[in-house]
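The values are calculated or read from the model by the stated rules, or taken from the named source; none is laboratory data. Note that this is a predicted model, so its numbers are computed, not measured. Cβ placement follows ideal geometry from the backbone for every residue including glycine, while neighbour counts extend to all protein chains displayed. To get the accessible areas, we keep the full protein, side chains included, count just its heavy atoms, and leave off ligands, DNA and RNA. Shrake-Rupley method; radii C 1.70, N 1.55, O 1.52, S 1.80 Å.
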There are 2 protein chains.
Amino acid sequence: MKNIFEIVSTVPLFDGLSDDQLNEIKKIALSKRFNKGETIFSEGDPGNGFYVVAEGLVKIYKVSSEGKEQILHIFGIGEPFGEVPVFTGQPFPANAEAIAGSHLLFFPRADFVDLITGNPALSLSMLAVLSMRLRQFTVQIENLSLKEVPGRLASYLLYLADEQGKEDSVTLDISKSQLASLLGTIPETLSRIFAKMTDMKLIEVSGRKIKLVDRSGLMHVGEHGKSGE
Amino acid sequence: MKNIFEIVSTVPLFDGLSDDQLNEIKKIALSKRFNKGETIFSEGDPGNGFYVVAEGLVKIYKVSSEGKEQILHIFGIGEPFGEVPVFTGQPFPANAEAIAGSHLLFFPRADFVDLITGNPALSLSMLAVLSMRLRQFTVQIENLSLKEVPGRLASYLLYLADEQGKEDSVTLDISKSQLASLLGTIPETLSRIFAKMTDMKLIEVSGRKIKLVDRSGLMHVGEHGKSGE
DNA sequence: TCTTTTTCTTGACATAAGTCAAGGCAAAGA
DNA sequence: TCTTTGCCTTGACTTATGTCAAGAAAAAGA
């Protein structure tokens, strides 16, 4: 079993640090393991540090009083999460759960703040990470508030295709129920929209594989005319 | 006319800096003035620096292809905005407009990055600002996705009461149309909900003054039972 | 392989909230 | 003060999406 601290040198957040500095990072990191479905932290918990995914997949989400879930992020290998309380001193604003068996690196707050204080490159890197995340939230709010579900799905599929470097076919890395939660809807609605978009010959769905039949059609879903009908 | 650079020493972002450091800050700041309704920057513009409100009120917003507007933030005196591009190098993800005549301080990117590089207190302060903003977005996404409009309005009124330090009465600092946009809805819907909540004796509305008649009722709007009916 | 459990899909229905349109009110300017 | 302009309110209607329920398909386990 290989040393999971090796991941540190490949994490974008730690890019541009010297070997010495990377060793400092590794020194303060703790390894933690979570099974699929296990809670990593809950909203309201004190944030004593943040995490980096060494292996696995983690969802960050909120739950309404009626039990509906909204996923805020899904983080994979190399991505940090749970940093907000490190810098605000307040508790976690959302929940985190492993959606696959996961190895995580945990960075205790005080140690990390010490490190960042003497390390401008690291602090600029962290500022960039938080800024990118703000940008993503901006997009998510725009999607939730200004687009209907078909438009959100189309955007997500195009984003995935880009992410996966594939032109015309993507593979969902999460279940369709989870995708519904990420898009701010429920499985029934998502299912109907998959069916509708298939009818319209925009996509072809088989399990978690989705073929993008008409990319330019997808790009205009939800504009003036119909998104489906 | 007083020196608007005086504001620098009262901005939370610059808390804990020495007088020398505050002078450095003042040295790189530029004063800009915007009239009510004037655009400060637009989505897609390159971000050559960020702003701090010295006087006035600024809205950050997105617009859909159909023309619907979603306000992301409203910033008042002492609050910084437009920092994301400073640290990501990407263009602005949203638009900014003065909703009242405003004096702003502008901090050019390169100068500010130099400053932050040699100044751990400033960088931690900026990390705290971005983290707080992430937390706010978390709440906004939760509201948009997990609450109906009455629940969002109730939350906003309670938040405002807290903000204004008043127990049972608040004054809107923005128009009701703008409030609708902030809550992710349209003026017609907001107007109906104000009427409904008045009927239910939760609030009393007269112009921009709103009396919170039943705080505990407000807190439970949108839970199990009715939010209005 | 067969069974059990979860996830997904589809139908019938309810409802929150958007659209369109008209009128009333209030703030800004003459 | 009067007038003009934009903001707010209300009504009638449409529609996207949620709820409830049942069955089908797929995944996990025996």
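Only a single item in (1) touching a Lys or Arg at 6+ places or on another chain (Cβ under 8 Å); (2) under 28 Å from A:Ser181 (Cα atoms); (3) within 12 Å of chain A (Cβ to nearest Cβ); (4) open to solvent by less than 40 Å² (accessible area, probe 1.4 Å) is not met by B:Pro85, and it is number (2). Where the second residue is of a type in the set (Gly, Ala, Ser) and the first is within 14 Å of chain B (Cβ to nearest Cβ) and lies in region A:93-105, which pairs have Cβ atoms under 7 Å and are six or more apart or on separate chains? Hits for this filter: A:Asn95/A:Ser42; A:Ala96/A:Gly82.
Looking only at residues in region B:131-154 that are assigned to a helix (DSSP H, G or I), in contact with a Gly (Cβ under 9 Å, 6 or more places away or on another chain) and more than 7 Å from chain A (Cβ to nearest Cβ), the one that is nearest to A:Gly118 (Cα to Cα) is B:Asn143. Set side by side, the residues B:Lys196, B:Lys201, B:Lys211 differ, and just one is out of contact with any Phe, Trp or Tyr (no Cβ under 6 Å at 6 or more places or on another chain), outside any helix (DSSP H, G or I), in contact (Cβ under 8 Å) with a residue 40 or more places away in the chain and open to solvent by 60 Å² or more (accessible area, probe 1.4 Å), which is B:Lys211. Just one of (1) open to solvent by less than 30 Å² (accessible area, probe 1.4 Å); (2) more than 10 Å from DNA strand D (Cβ to nearest atom); (3) touching a helix residue (DSSP H, G or I) at 6+ places or on another chain (Cβ under 6 Å) fails for A:Arg135. It is (1).
Residue count for region A:138-165, restricted to those that are buried (at least 21 other Cβ atoms within 10 Å of the Cβ), without any contact (Cβ under 8 Å) to a residue 40 or more places away in the chain and among the small types (Gly, Ala, Ser): 1. For the residues A:Ser216, A:Ser177, the requirement of being more than 15 Å from DNA strand C (Cβ to nearest atom), open to solvent by less than 70 Å² (accessible area, probe 1.4 Å) and not in a strand (DSSP E or B) singles out A:Ser216.
Among the residues that make up region A:116-126, is at least one of them in contact with a helix residue (DSSP H, G or I) (Cβ under 6 Å, 6 or more places away or on another chain), within 16 Å of DNA strand D (Cβ to nearest atom) and in contact (Cβ under 8 Å) with a residue 24 or more places away in the chain? Checked region A:116-126: no residue is in contact with a helix residue (DSSP H, G or I) (Cβ under 6 Å, 6 or more places away or on another chain), within 16 Å of DNA strand D (Cβ to nearest atom) and in contact (Cβ under 8 Å) with a residue 24 or more places away in the chain.
With respect to the conditions (1) away from DNA strand C (no atom under 15 Å from the Cβ); (2) β-branched (Val, Ile, Thr); (3) touching a strand residue (DSSP E or B) at 6+ places or on another chain (Cβ under 8 Å), A:Thr171 falls short on a single one, namely (1). Restricted to region A:169-194, and to residues that are polar (S, T, N, Q) and within 14 Å of chain B (Cβ to nearest Cβ), which residue is farthest from DNA strand D (Cβ to nearest atom)? Top of the filtered list is A:Ser181. Annotation note: of B:Ile71, B:Ile116, the sole residue that is assigned to a strand (DSSP E or B) and within 10 Å of another protein chain (Cβ to nearest Cβ) is B:Ile71.
The C-beta contact set for region A:51-69 (first residue in the same structural domain as A:Pro80 (by TED's automatic domain parsing), second residue open to solvent by less than 60 Å² (accessible area, probe 1.4 Å) and among the charged types (D, E, K, R), distance under 6 angstrom, 6+ apart or interchain) comprises A:Lys59/A:Glu97; A:Tyr61/A:Glu69; A:Lys62/B:Glu142; A:Val63/A:Glu69.
Every test in (1) touching a strand residue (DSSP E or B) at 6+ places or on another chain (Cβ under 6 Å); (2) near DNA strand C (Cβ under 9 Å from one of its atoms) is passed by A:Lys211 save one, and that test is (2).
Results for (1) more than 16 Å from DNA strand C (Cβ to nearest atom); (2) more than 11 Å from chain B (Cβ to nearest Cβ); (3) at negative phi, shown as yes or no for each residue.
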position	(1), (2), (3)
A:Leu22	yes, yes, yes
A:Asn35	no, yes, yes
A:Thr39	no, yes, yes
A:Tyr51	yes, yes, yes
A:Ile60	yes, no, yes
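Only one of these is small (Gly, Ala, Ser) and assigned to a strand (DSSP E or B): B:Ala54, B:Ala128. Name it.
Details: B:Ala128 fails: assigned to a strand (DSSP E or B).
Exactly one residue qualifies, and that residue is B:Ala54.
For region B:212-219, state whether one or more residues are within 22 Å of B:Leu146 (Cβ to Cβ) and within 14 Å of chain A (Cβ to nearest Cβ). Yes, region B:212-219 contains a residue that is within 22 Å of B:Leu146 (Cβ to Cβ) and within 14 Å of chain A (Cβ to nearest Cβ).
Can you find, within region A:1-35, the residue that is farthest from A:Arg133 (Cα to Cα) among those that are of a type in the set (Lys, Arg) and outside any helix (DSSP H, G or I)?
Taking region A:1-35 and keeping what is of a type in the set (Lys, Arg), we get A:2, A:26-27, A:32-33.
So of that shortlist, the ones also outside any helix (DSSP H, G or I) come out as A:2, A:32-33.
Details: A:Lys2: 30, A:Lys32: 24, A:Arg33: 25 Å.
Within region A:1-35, the match that is farthest from A:Arg133 (Cα to Cα) is A:Lys2.
For region A:148-164, the criterion of being under 16 Å from B:Leu146 (Cα atoms) and more than 9 Å from DNA strand C (Cβ to nearest atom) is satisfied by at least one residue.
If I filter region B:57-68 down to residues being open to solvent by 20 Å² or more (accessible area, probe 1.4 Å) and in a strand (DSSP E or B), which single residue comes out as farthest from B:Gln136 (Cα to Cα)? Full working, then the answer.
Restricting attention to region B:57-68, the residues satisfying the condition of being open to solvent by 20 Å² or more (accessible area, probe 1.4 Å) are B:57, B:61, B:63, B:65-68.
Pick out the ones that are also in a strand (DSSP E or B) and you get B:61, B:63.
On the way: B:Tyr61: 15, B:Val63: 20 Å.
Per the stated criteria, the residue is B:Val63.
Applying the selection to region A:111-156, what residues are among the aromatic types (Phe, Trp, Tyr) and within 18 Å of the chain's Cα centre (by Cα)? Result: A:Phe137, A:Tyr156.
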